[in-house]
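See below for the structure under consideration.
The values are calculated or read from the model by the stated rules, or taken from the named source; none is laboratory data. If you're wondering where the values come from, they're calculated on a predicted model, not measured in any experiment. Every residue, glycine among them, receives a Cβ derived from its backbone with ideal geometry; neighbour counts consider all protein chains shown. Ligands, DNA and RNA are stripped out before the accessible areas are found, and what is left, the full protein with its side chains, is counted by its heavy atoms. Shrake-Rupley method; radii C 1.70, N 1.55, O 1.52, S 1.80 Å.
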Amino acid sequence: MASTSRLDVLPRVTCPNHPDSILVEDYRAGDMICPECGLVVGDRVIDVGSEWRTFSNDKATKDPSRVGDTQNPLLSDGDLTTMIGKGTGAASFDEFGNSKYQNRRTMSSSDRAMMNAFKEIASMADRINLPRNIVDRTNNLFKQVYEQKSLKGRSNDAIASACLYIACRQEGVPRTFKEICAVSRISKKEIGRCFKLILKALETSVDLITTGDFMSRFCSNLGLPKQVQMAATHIARKAVELDLVPGRSPISVAAAAIYMASQASAEKRTQKEIGDIAGVADVTIRQSYRLIYPRAPDLFPPDFKFDTPVDKLPQL
């Protein structure tokens, strides 16, 4: 016989001889077995696995599921709708040849618009390798904005792009406007406008971006070693602390710091190579570099191994 102990209202099935052992579930037989003594302490366990088998020669278009899609809490009714298959017999059509049963009636227009936006968000996130938690936060932001109807007149794609930018900032993995723009069909200016409107509508805020938010990603994409990345991070942080780059964006400061660190090392990178990765113009890198160059000896970490001395660095 199985003994049960009440824990947080829900009953817990345990072995009477070994109450602390973790039971093993045999899904084929529907039993719960004690691994210590082999006693079957529970039977008729519900199998929560798939109800079909997939074979290698099945067609890709064949869908073996018969239980519908998963519940989506972001939609009005959880998306627990019934999809009607395409009719083939005469009874499926009226006297004018039109189908009697329409799937579009099962989903409201607002849910349809949100589903399209969610697909666009997932597509954009996939193209820049963003994790699932970013997608979920973006979907929630879009739902809040859409239901408030505070951005009427703006395209859903622009709102979705701005929400993705905000979600990245809030999750501590910021992306630049140019990176978001590259995977969407919306201009940088329109994404920026929607970004400001959404922050105002939702009465929320995002943390200020710093040079450190982009440094590891930029250096990794440039193929720079860890020593150069650490030096560039130190240079950018010291430049900000010494107030050498007032009014400059963190992205341009990070790019200038990477350029200085790479030029002092054996792994040299050109302004164009860094600009392509960081999304800034060569002239922007030069302007920030000129601001930090006079204090270059004070910016490098003390343990940095120079391949090119500080006094031999490019003056631009």
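Here are some notes:
- For segment 162-184, the set of residues classified as more than 19 Å from ALA278 (Cβ to Cβ) and of a type in the set (A, V, I, L, M) consists of ALA162, LEU164, ILE166, ALA167, listed by residue number.
- Scan segment 136-171 for residues that are without any contact (Cβ under 8 Å) to a residue 24 or more places away in the chain and either touching a Leu at 6+ places or on another chain (Cβ under 9 Å) or within 15 Å of ALA125 (Cα to Cα) (or both) and the total you get is 1.
- Count of segment 209-230 residues which are open to solvent by 30 Å² or more (accessible area, probe 1.4 Å) and farther than 29 Å from GLY153 by Cβ: 13
- Residue in segment 187-199 that is over 27 Å from SER216 (Cβ atoms), of a type in the set (Phe, Trp, Tyr) and open to solvent by less than 30 Å² (accessible area, probe 1.4 Å) present: no
- Residue match in segment 231-251 (condition: of a type in the set (Asp, Glu), over 30 Å from ARG137 (Cα atoms) and surrounded by fewer than 17 Cβ atoms within 10 Å (Cβ to Cβ)): yes
- Residues in segment 173-186 that are within 11 Å of the chain's Cα centre (by Cα) and either free of Cβ contacts under 8 Å to residues at least 12 places away in the same chain or buried (at least 18 other Cβ atoms within 10 Å of the Cβ) (or both): PRO174, ARG175.
- So ARG112, is it free of Cβ contacts under 8 Å to residues at least 24 places away in the same chain and part of a helix (DSSP H, G or I): yes
- ILE258 vs. criteria over 17 Å from PRO294 (Cβ atoms), in contact (Cβ under 8 Å) with a residue 24 or more places away in the chain and open to solvent by less than 10 Å² (accessible area, probe 1.4 Å): yes
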